[in-house]
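Bear in mind these aren't lab numbers, they're just calculated from the coordinates by the rules spelled out. Please read these numbers as outputs of a predicted model, since none were measured by experiment. Methodologically, a virtual Cβ is constructed for each residue, glycine included, from the backbone with ideal geometry; neighbour enumeration extends over all protein chains shown.
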Amino acid sequence: MNGKILGSAVSLILVVGVVIGVVAVVQSPKATGGTEVKSHNKMVSAMCQNTDDQKLCQDVLSASNSTDPKEYIAAVVKSTMDSVIKAFNMSDRFAVEHGNSSTGMKMALDDCKDLLQSAMHELEASGVMLKESSLQDVNQRTAELKNWLGAVVAYQQSCLDGFNTDGEKKVQEQLHAGSLDDVGKLTGLALDVVSGITHILQSLDLNLALKPASRRLLEVDSEGFPTWVSAADRKLLANDGGVTPHATVAKDGSGQFKTILDAINSYPKNHQGRFIIYVKAGVYDEYITVDKNKPNLLIYGDGPTKTIITGRKNFAEGTKTMRTATFSTVADDFMAKSIAFENTAGAEGHQAVALRVQGDRSVFFDCAMRGYQDTLYAHAHRQFYRNCEISGTIDFIFGYSTTLVQNSKIIVRRPSPNQQNIVVADGRDQKNMPTGVVLHNCEIMPEPGLFPDRMTVKTYLARPWKAFSRAVFIENTIGDLIQPEGYIPWNPTEPNTQDCYFAEFGNTGSGANTQARAKFGKGLISKDQAAKFTAEPWLQASTWLPATGIPFDPSFTKA
């Protein structure tokens, strides 16, 4: 017990350090007269005009008084940070008070603390950006702000998701009522304000030559590579071979390491540039997490049929969904190439994640994600998958991220008896979250073992996990295994069909006919509407994907 209390105290000290950067942003002079009061009222009205909760917005901004709209945005970010700190401290206290009640409770509370610390990092980054950028720059970088804020909602929701047994519901309700509900509302408010920043500035006559946010394009050379990519990286990314990785993994002892985890842990502190790990052919039975202090990591193998990372943790045997992942990556700018990630728990294992991806700007090329329920946990931030194979049964692509899967095979497997298959279950929980799952130029097909019964085992494109769930299907080949209605409610008591966004454009194949689609779906959308979900606007692709060297289609491939 003493050890746990000491850990709690240390956590609280860390939290105070994290928040200092954001608190420093929002200092502003007090009003000194009627003109300042009128200016303040006009500013608050402009900021709150397009928010869902006007009263909350007025309450949060009432203490601010400045002529700089940045200060008001920063005030919302600070209030959100305060709510996250409160939630962290509450979960920290509950970990001491209830952590010994069950293994599941301890896992859920520990995960909550980790997730809320991640939320603090996102808000700290937001605060620093607001402090160091001009107003015009903030307007042009709203996609980055929304990316960070969307991740905060992902972590808040994931914290709540962890309490999923009857014995844990009371603590979940206390956390929700005591702090996490405020986190959701305040982050939603921040997303509303940031999403409306152009209109806000126009209403304040601060046009700043406003145009659609410009992209900070990467400088590329004559070969199309970013100018900072090293010669060694060019060879690797271009598949020319001859690259010497920083670490080599081989089960037979022919590399520096026999396990992938040991190779990852060899990542030098404060390493600059890409750190490359080559994993030779073999089946690696290990559980791996790439922590946030190991950015720019590239792991490549000998192909997804030869280099395989495998595990079988699953919910049915008592492991929380987030912890079932065979491989998790939390670091930004992670890349994997020519590797398979699998969870072999089978349909009877229920939730059993093969790959969990949380870091921003994560890329997977020529990889396989094999599982059944919840195969790919696209947890948070911007993610890109190209030439991959993703297989599963129930909700096998799910999460809270901004994900684009391009030129890949989506393979539906045979579920347990009386189960049905769903490809996508997206967790978008706020109307202005920049998140969702887009499948572009993919093939949705049954595995050979399902093929004979593909017409009787029901398979759907998506169901709405959360209120504003979003899944978009563009230029795919959709097999006849997909039910004509395409989509189903989440469940009978919580359908989540009112505000979800399920849409299609340019798909072909026997399952692409939209005439009988569920009425809560959007059905076919126009080319202009679909364009919003292609790589450039959806992921801000030109600002980071070229640096990976991975091929991608910035817009439509067929239309």
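When each of Glu536, Glu485 is tested for being surrounded by fewer than 22 Cβ atoms within 10 Å (Cβ to Cβ), under 26 Å from the mean Cα position of the chain (by Cα) and of a type in the set (Asp, Glu), the lone residue that passes is Glu536.
So that you can scan it fast, the table gives a plain yes or no per residue for (1) hydroxyl-bearing (Ser, Thr, Tyr); (2) in contact (Cβ under 8 Å) with a residue 12 or more places away in the chain; (3) under 28 Å from Ala503 (Cα atoms):
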{"position": "Gly318", "(1), (2), (3)": "no, yes, no"}
{"position": "Thr326", "(1), (2), (3)": "yes, yes, no"}
{"position": "Asp332", "(1), (2), (3)": "no, yes, no"}
{"position": "Asp374", "(1), (2), (3)": "no, yes, yes"}
{"position": "His381", "(1), (2), (3)": "no, yes, yes"}
{"position": "Ser391", "(1), (2), (3)": "yes, yes, yes"}
{"position": "Val424", "(1), (2), (3)": "no, yes, yes"}
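Whenever a residue of the stretch 485-507 is free of Cβ contacts under 8 Å to residues at least 60 places away in the same chain and over 12 Å from Gly521 (Cβ atoms), its partners that are in a loop (DSSP other than H, G, I, E, B) and of a type in the set (Ser, Thr, Tyr), lying with C-beta atoms within less than 7 angstrom and at least six residues away or across chains, give the pairs Asn496/Ser469. The residue that is farthest from His379 (Cα to Cα), among those in the stretch 286-306 that are touching a Lys or Arg at 6+ places or on another chain (Cβ under 9 Å) and part of a strand (DSSP E or B), is Tyr300. Thr344 falls short on exactly one of the conditions (1) β-branched (Val, Ile, Thr); (2) in contact with a helix residue (DSSP H, G or I) (Cβ under 8 Å, 6 or more places away or on another chain); (3) more than 20 Å from Val152 (Cα to Cα), and that condition is (2).
State yes or no: is Ser555 farther than 28 Å from His381 by Cβ, exposed (fewer than 14 other Cβ atoms within 10 Å of the Cβ) and hydroxyl-bearing (Ser, Thr, Tyr)? Here the answer is no, as Ser555 does not meet what is asked.
Among the residues of the stretch 389-412, those identified as buried (at least 24 other Cβ atoms within 10 Å of the Cβ) and part of a loop (DSSP other than H, G, I, E, B) are Thr393, Tyr400, Ser401, Ser408.
Of the residues in the stretch 373-391, not one is among the β-branched types (Val, Ile, Thr) and touching a Pro at 6+ places or on another chain (Cβ under 8 Å). Among residues of the stretch 263-292 that are under 22 Å from Asp360 (Cβ atoms), those with a beta-carbon under 6 Å from a residue that is surrounded by 14 or more Cβ atoms within 10 Å (Cβ to Cβ) and of a type in the set (S, T, N, Q) at least six positions away or on a different chain give the pairs Arg274/Asn296; Thr289/Ser328; Val290/Thr329. Which of the residues belonging to the stretch 452-472 are surrounded by 24 or more Cβ atoms within 10 Å (Cβ to Cβ) and of a type in the set (Lys, Arg)? Residues satisfying the conditions are Arg463, Arg470.
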